[in-house]
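Since the structure comes first, as structure tokens, the remarks are kept for the end.
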Amino acid sequence: MRIIVALKPTYDVSQLKFDSEGVPLLDTCPVTLGEADKCALEEALKVKGSLGATVVAVTVGQSEAHIKGIKDALAMGADEGYIIKINNAWNISSITVANAIARFAVVTGPYDIVFTGSGAGDTHSSIIGPMVSALLGYRLVANADKVEVKEQKATAKCTMEDGTYNYEVEFPAVITVTSEANEPRIPTLKAILRSKNMQVKEIGPEQLGLSVEEYKDIKVIKHMVERKRVIMEASDQKSTEESVVKLLTFLKDEGVI
Amino acid sequence: MNYEFSEEEKRFRESVEEFCKRYIEPRWVEIDEKGHIPLDLIKRLGEQGLFAIPVPEKYGGMGGNMTLAAIAVEEIAYHDPAVAVAVYTLLQNGWPLALSIFGSEAAKQEILPKVASGDAFFGIGSTEPQGGSDVAGIKTVAKRSGNKWVINGEKAYISGVREISELPEGGGYFLVSKTEKAEWGHKNITDFVLLPKWHGKMSEKVKPTVYDEIGRHGISTGGFKIEDFEVDDEFRIGEINKGFYYVMEGFNIARVLVAAATIGSARWALDKGAEWIRERKLFQGKPIASFQGVNFRFAELYAELEAAKYFVYRAAWMVDNTYLTNSPRFKPRDLDVPVALAKMKGPETATRIYEEVLKWLGAYGYTKESNVYRGWLGTFSYTIGAEGSQNIMRYVIAREVIGKEYVSHTG
């Protein structure tokens, strides 16, 4: 079995700080593989352990963070690691990213499964997996909280807004995995040392027949909600009861409830 | 000269950090409060490959080195500033390495894989009730009887006494003993592997006691009486009457890691202090970090911590690049000063940082809620002893630098 895991290094939003104007301080924020992406890799490594598989980690971009992300994947246990050499990868359209991964799958394939995180830690658009599936013509299972892979097919439990769905899917398939799916392994020292001499392979857009579309006009939109500082008195039984009524009226007027 | 960690060392530190955030940080206060490192955590540390890091792979070790072991111990102490888990880890790296260097093939094959997996403990049994610094003055005696040795004596202030009884396999010590009779001197000492519990079976000939300590409660300290305990000759460590030299080299290994634990904990304290002095505002909204009485002291302590780090990693680097590689330009004693510098500077820097951070936190710092005291008491332990007291470190440095004809403890 051959498996691709598509990975994206993202800002670790849990460590993101903002300046006094509310602008995120991206330069000081660590960049790391997103949690859901790590879970996607873990699913692939579980298949490797149970059924035997070659796990190929790939990312779109050539920055130090992209190279490190792939090296981290190799240390976790991926067999091969690729960067698709696109400049300014933070600033390309989602369809370009999806196209790059799909073309990579065609050129280096065939593959049985493409695993990816259900959403990136920063943008969380959740569209790369479905786009790759459409471009490749593979079946799609999105937002899997639990995955079980057998020889020719996989079952997955997916939590959607309206309930939980259980799917069975034959290969080839794209499966996007949530950060609830598993507890990704932490590379051991032996694994880190073993991966020391593993090469991060490079593949250029021209080898994949790709045209790269960059985002043009990027606008930073701030979502700032002004505080209204409405204070209601609740110092005794009477004022508390009155305030409850006032609070409910206020929240209804504001459209909160 | 290269002051940067390698890519693999950085990646390893990140992996240990991730491990600690997941499995240690949420539990460190509970570990100190309950006075117990959960056995599932010990097993997990073993599974993650954080024990026996510098031990060769053929003995179940990780095939790493002392720099990597120091990174692991420092990072664990950052996430367990009370340092119990870090100390447990350092013991499971330092003394297994010493055994892998001096022990018999049979002892190494038998013991080290079980230590590496987390199923057994292996520490040091040197100190006795009458003292720890005077190794030449120990009174425990091993007498030869055919192909066995019969050991009698008493050890005190020993780490891991309770853990040995709790672990599924058990464990033991790098035991330091007099050969045949208890006369003062360093040329009549032989070391042994003493296993009070092995294959899950506790010997009745070793009677342990656990002490009630004031800090770093998670790992036990205690003593044990040894009565006619028989050890096979193949569990003798190295040559007869060379044990003093082996244990001194073992101390040098372990001291590096003790110092690494203290700087990890100190780094946590200084980070916590920095966070507090940025946030805490006085006198019309000025952060207390804006006052020179605070920020100058911060700078001084930061410099001390950086110096301590350099001592630790320089000593670890020397162990890796001279001692463990048997460099022909090198004698084991060349490690004495670099290691003593690290062991002297690390714990003393840590306690100084804790004292100051406690003051920055004001009355809150003096509450149990702040948890700062846990790290203070934990690291303070290592200004007293553990693989050599602070005065022994001073003695080693003075003796080697000024000259032993001027500085000698034997007059």
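The values are calculated or read from the model by the stated rules, or taken from the named source; none is laboratory data. Every value quoted in this text rests on a predicted model; they were computed, and no experiment measured them. Positions of Cβ are backbone-derived with ideal geometry, glycine not excepted, and every protein chain shown enters the neighbour counts.
Brief remarks follow.
- Scan of the stretch B:45-56 for residues that are more than 10 Å from every other protein chain (Cβ to nearest Cβ) and more than 21 Å from B:Thr325 (Cβ to Cβ), ordered by number: B:Leu45, B:Gly46, B:Phe51
- Selection within the stretch B:57-74: residues that are in contact (Cβ under 8 Å) with a residue 24 or more places away in the chain and away from chain A (no Cβ under 12 Å). The member of this set that is surrounded by the most Cβ atoms within 10 Å (Cβ to Cβ) is B:Val73.
- Flag for B:Phe192 being within 29 Å of B:Met344 (Cα to Cα) and in contact with a Ser or Thr (Cβ under 8 Å, 6 or more places away or on another chain): yes
- Residue match in the stretch A:82-93 (condition: assigned to a loop (DSSP other than H, G, I, E, B) and within 16 Å of the chain's Cα centre (by Cα)): yes
- Counting the residues of the stretch B:367-398 that are charged (D, E, K, R) and touching a helix residue (DSSP H, G or I) at 6+ places or on another chain (Cβ under 8 Å) gives 3.
- Enumeration of residues in the stretch B:52-83 that are farther than 16 Å from A:Leu193 by Cα, in contact with a Ser or Thr (Cβ under 9 Å, 6 or more places away or on another chain) and of a type in the set (A, V, I, L, M): B:Val73, B:Ile76, B:Ala77, B:Ala82, B:Val83
- Looking only at the stretch B:199-219, and only at residues there that are of a type in the set (Val, Ile, Thr) and in a strand (DSSP E or B), the one that is nearest to the chain's Cα centre (by Cα): B:Val210
- Residues (among the small types (Gly, Ala, Ser), away from chain B (no Cβ under 12 Å), over 15 Å from A:Ala40 (Cβ atoms) and in contact with a helix residue (DSSP H, G or I) (Cβ under 8 Å, 6 or more places away or on another chain)) located in the stretch A:58-77: A:Gly61, A:Ser63
- Under the condition of being closer than 20 Å to B:Leu91 by Cβ and assigned to a helix (DSSP H, G or I), the residues counted in the stretch B:233-265 number 22.
For every residue, the table says whether it meets (1) in contact (Cβ under 8 Å) with a residue 24 or more places away in the chain; (2) of a type outside the set (S, T, N, Q).
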{"residue": "B:Ala303", "(1), (2)": "no, yes"}
{"residue": "B:Asp320", "(1), (2)": "yes, yes"}
{"residue": "B:Gly375", "(1), (2)": "yes, yes"}
{"residue": "B:Thr383", "(1), (2)": "yes, no"}
{"residue": "B:Glu400", "(1), (2)": "yes, yes"}
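- Per the conditions (1) crowded, with 16+ Cβ neighbours inside 10 Å; (2) without any contact (Cβ under 8 Å) to a residue 24 or more places away in the chain; (3) among the acidic types (Asp, Glu); (4) away from chain A (no Cβ under 14 Å), the sole criterion not satisfied by B:Glu4 is (1).
- Residues that are outside any strand (DSSP E or B), under 19 Å from A:Asn143 (Cα atoms) and at pLDDT below 95 do occur in the stretch A:6-25, at least one of them.
- Filter pass, B:Ala106 being surrounded by fewer than 20 Cβ atoms within 10 Å (Cβ to Cβ), touching an Asp or Glu at 6+ places or on another chain (Cβ under 7 Å) and away from chain A (no Cβ under 14 Å): yes
- Test: residue in the stretch B:11-22 that is assigned to a loop (DSSP other than H, G, I, E, B) and within 10 Å of chain A (Cβ to nearest Cβ): no
- Restricted to the stretch B:172-187, and to residues there that are of a type outside the set (D, E, K, R) and surrounded by fewer than 24 Cβ atoms within 10 Å (Cβ to Cβ), the residue that is nearest to B:Gly223 (Cα to Cα) is B:Ala182.
- Contact map, the stretch A:188-210: residues that are among the basic types (Lys, Arg) paired with residues that are not in a strand (DSSP E or B), Cβ distance under 6 Å, separation 6+ or inter-chain. Pairs shown: A:Lys190/B:Gly49; A:Lys190/B:Met62; A:Lys196/B:Glu8.
- Scope the stretch A:117-164; condition surrounded by 14 or more Cβ atoms within 10 Å (Cβ to Cβ) and among the hydroxyl-bearing types (Ser, Thr, Tyr); matching residues: A:Ser118, A:Thr123, A:Ser126, A:Ser133, A:Tyr138, A:Thr155, A:Thr159
- Among the strands (runs of 3 or more DSSP E) confined to the stretch B:99-198, the ones with at least 1 residues that are of a type in the set (Phe, Trp, Tyr) and either within 19 Å of B:Gly250 (Cβ to Cβ) or touching a Cys at 6+ places or on another chain (Cβ under 8 Å) (or both) are located at B:120-125, B:148-159, B:170-179, B:189-198.
- Residue tally, condition touching a residue at least 60 places away in the same chain (Cβ under 8 Å) and in a loop (DSSP other than H, G, I, E, B), over the stretch B:23-48: 4
- Residue within the stretch B:27-37 that is within 11 Å of chain A (Cβ to nearest Cβ) and out of contact with any Cys (no Cβ under 8 Å at 6 or more places or on another chain) present: no
Here's the yes/no breakdown for (1) at pLDDT 95 or above; (2) in a helix (DSSP H, G or I); (3) charged (D, E, K, R); (4) surrounded by 13 or more Cβ atoms within 10 Å (Cβ to Cβ):
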| residue | (1), (2), (3), (4) |
| --- | --- |
| B:Thr349 | yes, yes, no, yes |
| B:Tyr354 | yes, yes, no, yes |
| B:Val357 | yes, yes, no, yes |
| B:Ala386 | no, no, no, yes |
| B:Ile392 | no, yes, no, yes |
| B:Tyr406 | no, no, no, no |
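- Applying the criterion of being within 13 Å of chain B (Cβ to nearest Cβ) and hydrophobic (A, V, I, L, M, F, W, C) to the residues of the stretch A:197-217, the residue that is surrounded by the most Cβ atoms within 10 Å (Cβ to Cβ) is A:Val200.
- Qualifying residue in the stretch B:154-163 (condition: aliphatic (A, V, I, L, M) and out of contact with any Ser or Thr (no Cβ under 7 Å at 6 or more places or on another chain)): no
- Test for B:Ala82: is it crowded, with 22+ Cβ neighbours inside 10 Å, touching a Lys or Arg at 6+ places or on another chain (Cβ under 7 Å), within 23 Å of B:Ser370 (Cα to Cα) and away from every other protein chain (no Cβ under 14 Å): yes
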